[in-house]
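Asker: Take a look at this one; I'll ask things after.
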Amino acid sequence: MMGYRRGKDRVHDELLALKGRIREKKTSYRGLSEATGISVNALNNKINGYTAMDTDEVQKLAAVLDIDANDIVKYFFPSIIAKRNIKI
């Protein structure tokens, strides 16, 4: 008997810092969608770690959320920081 799988499997770690930045900038997935041209559903899947972001999407989101180039790793690649024990 095959097991029942609930929900989607995350491909990437959840991007908690990015979600915090979205709240900090008082915007929503809909607002980000309109500003970046990325659909709301695609943003949801990417920000929640179900699908990967490409470099163009990272650039667009960083620009809209006013994320400095030096902080991109912190917001978009938290697993790199965790694996290397980098302090930011």
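The values are calculated or read from the model by the stated rules, or taken from the named source; none is laboratory data. A quick note: this is a predicted structure, and the numbers were derived from the prediction, not measured. Every residue, glycine among them, receives a Cβ derived from its backbone with ideal geometry; neighbour counts consider all protein chains shown. Ligands, DNA and RNA are excluded from the accessible area calculation, which covers all protein heavy atoms including side chains. Shrake-Rupley method; radii C 1.70, N 1.55, O 1.52, S 1.80 Å.
Asker: Test each condition in (1) of a type in the set (V, I, T); (2) open to solvent by 90 Å² or more (accessible area, probe 1.4 Å); (3) touching a Gly at 6+ places or on another chain (Cβ under 9 Å); (4) at pLDDT 90 or above for V64 and report the one that comes out false.
Answerer: (2)
Asker: Here's a follow-up. Kindly provide the set of residues from segment 67-76 that are over 9 Å from the mean Cα position of the chain (by Cα) and crowded, with 17+ Cβ neighbours inside 10 Å, ordered by number.
Answerer: I67, K74
Asker: Tell me which residues, restricted to segment 16-27, are over 14 Å from N45 (Cα atoms) and open to solvent by less than 100 Å² (accessible area, probe 1.4 Å).
Answerer: Result: A17, G20, R21, I22, K25, T27.
Asker: Moving on to the next point. Give the residues of segment 28-46 that are aliphatic (A, V, I, L, M), buried (at least 17 other Cβ atoms within 10 Å of the Cβ) and in contact (Cβ under 8 Å) with a residue 24 or more places away in the chain, sorted by residue number.
Answerer: Once the filter is applied, which keeps residues that are aliphatic (A, V, I, L, M), buried (at least 17 other Cβ atoms within 10 Å of the Cβ) and in contact (Cβ under 8 Å) with a residue 24 or more places away in the chain, segment 28-46 yields only L32.
Asker: Could you tell me whether G49 is crowded, with 16+ Cβ neighbours inside 10 Å, out of contact with any helix residue (DSSP H, G or I) (no Cβ under 7 Å at 6 or more places or on another chain) and at pLDDT below 95?
Answerer: yes
Asker: Ok, one more. Between a first residue in segment 53-73 that is within 14 Å of R23 (Cα to Cα) and a second residue that is part of a loop (DSSP other than H, G, I, E, B) and among the hydroxyl-bearing types (S, T, Y), which pairs have beta carbons less than 9 Å apart while being 6 or more apart in sequence or on different chains?
Answerer: Within 9 Å, the pairs are V64/T27; L65/T27.
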